[in-house]
Amino acid sequence: MIACVALIARTNQPLLLRCYADEAEHIRFNHVCHCSIDAFEEREQTLRVGGGAPKGTDMFLGLIMSMVEYKVFGYLTCTGVRVVVVLDDADTKDDTVIRSFCAKLHGLFVDAVSNPFYVAGQEVKSSKLEKELSIMVRLWN
């Protein structure tokens, strides 16, 4: 089960944070998503030292954090936006399914920020993104 989905800007500010678990857990998931930034920054540092990502490398980081009840997966876009997906610990889907989910979410994000009225760095407000993300999460859960 997907518990939370977040998009975090390179400047570490949340662009999108949606919780699908208990509503009382919203603050906890906000904290979890911000804690996951360290894993992203480690990967970015490794890429800078190594001369950048090889061509054709997708930026799915896989499992970046594990907690008692949840697993946190990460996906880094080429513009530095971090996609965070928090799954229930009982979820047994493999990395290819999670990678595909992250790539679809990235595509929805690109469509949303391609709107000429979107202000860079602001929270993403797109009815299409919200609708498609709800469908994706409903199908997953």
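The values are calculated or read from the model by the stated rules, or taken from the named source; none is laboratory data. This is a predicted model, so every value here is computed, not measured. Methodologically, a virtual Cβ is constructed for each residue, glycine included, from the backbone with ideal geometry; neighbour enumeration extends over all protein chains shown. Surface accessibility is based on the protein's heavy atoms, side chains included, excluding ligands, DNA and RNA. Shrake-Rupley method; radii C 1.70, N 1.55, O 1.52, S 1.80 Å.
Of the numbered criteria (1) within 20 Å of ASP94 (Cβ to Cβ); (2) out of contact with any strand residue (DSSP E or B) (no Cβ under 8 Å at 6 or more places or on another chain); (3) at pLDDT 90 or above, the one GLN13 fails is (1). Within the set CYS35, CYS102, CYS78, the sole residue that is over 12 Å from the mean Cα position of the chain (by Cα) and modelled with pLDDT of 90 or more turns out to be CYS35. With a requirement of 2 or more residues that are loosely packed, with under 15 Cβ neighbours inside 10 Å, the strands (runs of 3 or more DSSP E) lying completely within region 1-104 that satisfy it span 60-66.
Residues in region 115-141 that are without any contact (Cβ under 8 Å) to a residue 60 or more places away in the chain and among the hydrophobic types (A, V, I, L, M, F, W, C) were compared, and the one that is least open to solvent (accessible area, probe 1.4 Å) is MET136. ALA112 falls short on exactly one of the conditions (1) surrounded by fewer than 17 Cβ atoms within 10 Å (Cβ to Cβ); (2) among the small types (Gly, Ala, Ser); (3) touching a helix residue (DSSP H, G or I) at 6+ places or on another chain (Cβ under 6 Å), and that condition is (1).
Filtering region 89-106 to residues that are over 17 Å from MET67 (Cβ atoms) and of a type outside the set (Gly, Ala, Ser) leaves LYS93, ASP94, ASP95, THR96, VAL97, ARG99, PHE101, CYS102, LYS104, LEU105, HIS106.
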